[in-house]
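Q: I'd like to ask some things about the structure below.
Nothing in this text is a laboratory measurement; each read-out follows from the coordinates by a stated rule. Everything numeric here is computed off the predicted structure, so don't read it as measured data. Here the Cβ is made from the backbone with ideal geometry for all residues, glycine too, and neighbour counts use every protein chain on show.
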């Protein structure tokens, strides 16, 4: 190989290396963009006439030490989203109050349809009449709050608060408390622990039964938490990755990306409703298992 | 994840079987199917989240 034949090879190699570096850089940027949209942050973007307009939140507001662990409870982006969701729900409730009559009209009708659905199809069939009616407010709160948080993640400048594992862990912890409280109220405080080992079980199986039952009690709310979190995050990551694909590869992928993206958006809308319903219903089922009336 | 998809497919087949045998129980079967689908999806998405976390670390 003479010197003339070697030169194009070097240029080609250099171009390949440059392309790879550029692709890696773009990949890095896309990854940062996806992480910025998924995780909690300290700034909120809002629509305005400028290119990038953000409100920076104070991250030093409520920081304190709790026995060696540094806890930061300042208001972050997901907290603001949760407050917006709660505010919207309160507004919805107040607006529906004006038209309450024997036959409700308008907004109250819609809300009543939802509440009756929760009461008649989720609460009472699983928990019996008394406990079902007692727990319906909690189930309604859970359902509407999770639904509002999920839907806020879909609007352009919003971020899904349920895409944060701490938020879903808090919701699952509330359900855990509700389940234990229901069980303890039905069976008495010590009766609840005695129920872990049912009657008629030989004495040498009792330790195994207690261990397995305790694991079950802890695993069920944990599964609730992870299910909601993973469903929300997976939907967002897929949509953002499809958009980011346009930047990493050429721009002509964009019709395909757009079509898939719109389809994933509808799927995520459906998944948002479904996951709120599933969370509520599994809470009702777990409570019903503990409050089961002896036939 | 493939196991999850296979499981949900099997369950949809069983649900349609049951509905065709007794059409009046279609609503109950549909509810049970949705519950079981969400539970299986939970396991699948758990695996996906672990994968994403490992890829982003």
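Q: To the nearest 500 deg cm²/dmol, what mean residue ellipticity at 222 nm is calculated for the protein assembly as shown from DSSP H runs of n ≥ 4 alone, each contributing -39,500 (n - 2.57), summed and divided by the residues?
A: -25500 deg cm²/dmol
Q: Additional query: Looking at chain A as a GNM with Cα springs under 10 Å, which of A:22, A:213, A:12 has the largest mean-square fluctuation?
A: A:12
Q: Any chance you could run the full-extension gain for residue A:181 through residue A:63? It's 0.36 nm times the residue separation minus the Cα-Cα distance, nm to one decimal.
A: So the extension gain works out to 39.3 nm.
Q: To continue, here is another question. Rounded if a/c is under 1.5, else prolate if a/b is larger than b/c, else oblate: which is region A:122-227, with a ≥ b ≥ c the root eigenvalues of its Cα gyration tensor?
A: oblate
Q: Something else: Using only Cα atoms, find the angle between the long axis of helix A:77-97 and the longest principal axis of chain A, and express it within 0 to 90 degrees, rounded to the nearest 10.
A: The answer is roughly 50 degrees.
Q: Give me A:82, B:54, A:184 ranked fewest to most by other Cβ atoms within 10 Å of their Cβ, as a rough exposure proxy.
A: Ranking A:82, B:54, A:184 by Cβ neighbours within 10 Å, fewest first, gives B:54, A:184, A:82.
Q: Here is a further query. Based on the alpha-carbon gyration tensor of region A:41-113 and its eigenvalue square roots a ≥ b ≥ c, which shape applies: rounded if a/c is under 1.5, prolate if not and a/b is larger than b/c, or oblate?
A: Because a/c hits 1.5 or more and a/b fails to exceed b/c, region A:41-113 counts as oblate.
Q: What order do you get for A:69, A:228 when you list them from fewest to most C-beta neighbours inside 10 Å?
A: Ranked by crowding around the Cβ, least crowded first: A:69, A:228.
Q: Can you give the average number of partner chain beta-carbon atoms within 10 Å of each beta-carbon in peptide A:277-286, as a whole number?
A: Per-residue shielding by partner chains comes out at 2.
Q: Tell me the angle of helix A:165-187 to the major Cα principal axis of chain A, expressed in degrees between 0 and 90 and rounded to the nearest ten.
A: 10 degrees
Q: Quick one: A:42, A:203, A:62, fewest Cβ neighbours within 10 Å first, how do they rank?
A: Starting with the residue having the fewest Cβ neighbours, the order is A:203, A:62, A:42.
Q: Here is a follow-up. Relative to the longest principal axis of the C-alpha atoms of chain B, give the angle of the C-alpha long axis of helix B:2-21, reported between 0 and 90° and rounded to the nearest 10°.
A: Compared with the principal axis, the helix lies near 10 degrees.
Q: Over all residues in A:222-228, what is the mean tally of Cβ atoms on other chains that come within 10 Å of each residue's Cβ?
A: 3
Q: If packing is taken as the average count of other Cβ atoms within 10 Å, what order do B:31-43, A:164-176, B:14-26 fall into, highest mean first?
A: Packing proxy ranking, top to bottom: A:164-176, B:31-43, B:14-26.
Q: When you look at the Cβ of every residue in B:37-45, what mean number of other chain Cβ atoms sits within 10 Å?
A: Taking the mean over all residues of the peptide, I get 6.
Q: Another question, if that's okay. Need the C-alpha centroid separation for region B:1-48 versus region A:225-295, integer Å.
A: Comparing the Cα centres of region B:1-48 and region A:225-295, I get a distance of 17 Å.
Q: Shape of region A:55-290 from its Cα gyration tensor (a ≥ b ≥ c, root eigenvalues): rounded if a/c is under 1.5, otherwise prolate when a/b > b/c, or oblate?
A: Prolate, because a/c is 1.5 or more and a/b exceeds b/c.
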